[in-house]
């Protein structure tokens, strides 16, 4: 019994290693300028996974797919398998992203 538990723990540990490497590969290199607008930042972050903090207090996380003059199209929403979102850029308070540390 003890041997099978140890084998399961070893397999679980090995299964996590590739996930950590894949997660590290997804770290962004993004440097905004002093006068960067939310829209410009979203354009630079196109095809990246971000979280948007909205005026309403809600947070939406997904892939920036399209950035228009007044809306941004977010796909692959976190926690919502079959949903996408169109968000008014003027209602975004912050863009939250995972960034590489120097």
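The values are calculated or read from the model by the stated rules, or taken from the named source; none is laboratory data. Please read all numbers here as calculations on a predicted model, not as lab measurements. All Cβ positions, even for glycine, are placed from backbone atoms using ideal geometry, and neighbour counts span all protein chains on display.
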_So residue 61 ticks every box in (1) modelled with pLDDT of 95 or more; (2) outside any helix (DSSP H, G or I); (3) touching a helix residue (DSSP H, G or I) at 6+ places or on another chain (Cβ under 6 Å) but one. Which box is left unticked?_
(3)
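For (1) touching a helix residue (DSSP H, G or I) at 6+ places or on another chain (Cβ under 7 Å); (2) at pLDDT 95 or above; (3) under 16 Å from residue 95 (Cβ atoms); (4) part of a helix (DSSP H, G or I), each residue gets a yes or a no:
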| residue | (1), (2), (3), (4) |
| --- | --- |
| 3 | no, no, no, yes |
| 6 | no, no, no, yes |
| 11 | no, no, no, yes |
| 17 | no, no, no, yes |
| 22 | no, no, no, yes |
| 32 | yes, no, yes, no |
| 35 | no, no, yes, no |
| 74 | no, yes, yes, no |
| 78 | no, no, yes, no |
*Would you be able to say whether some residue in the stretch 41-51 is at positive phi and either out of contact with any helix residue (DSSP H, G or I) (no Cβ under 7 Å at 6 or more places or on another chain) or in contact (Cβ under 8 Å) with a residue 40 or more places away in the chain (or both)?*
yes
*Filter the stretch 51-92 down to residues that are within 13 Å of the chain's Cα centre (by Cα) and more than 20 Å from residue 37 (Cα to Cα) and give me whichever is surrounded by the most Cβ atoms within 10 Å (Cβ to Cβ).*
77
_With the structure loaded, tell me whether residue 95 is within 17 Å of residue 36 (Cα to Cα), within 15 Å of the chain's Cα centre (by Cα) and assigned to a strand (DSSP E or B) or whether it fails that test._
yes
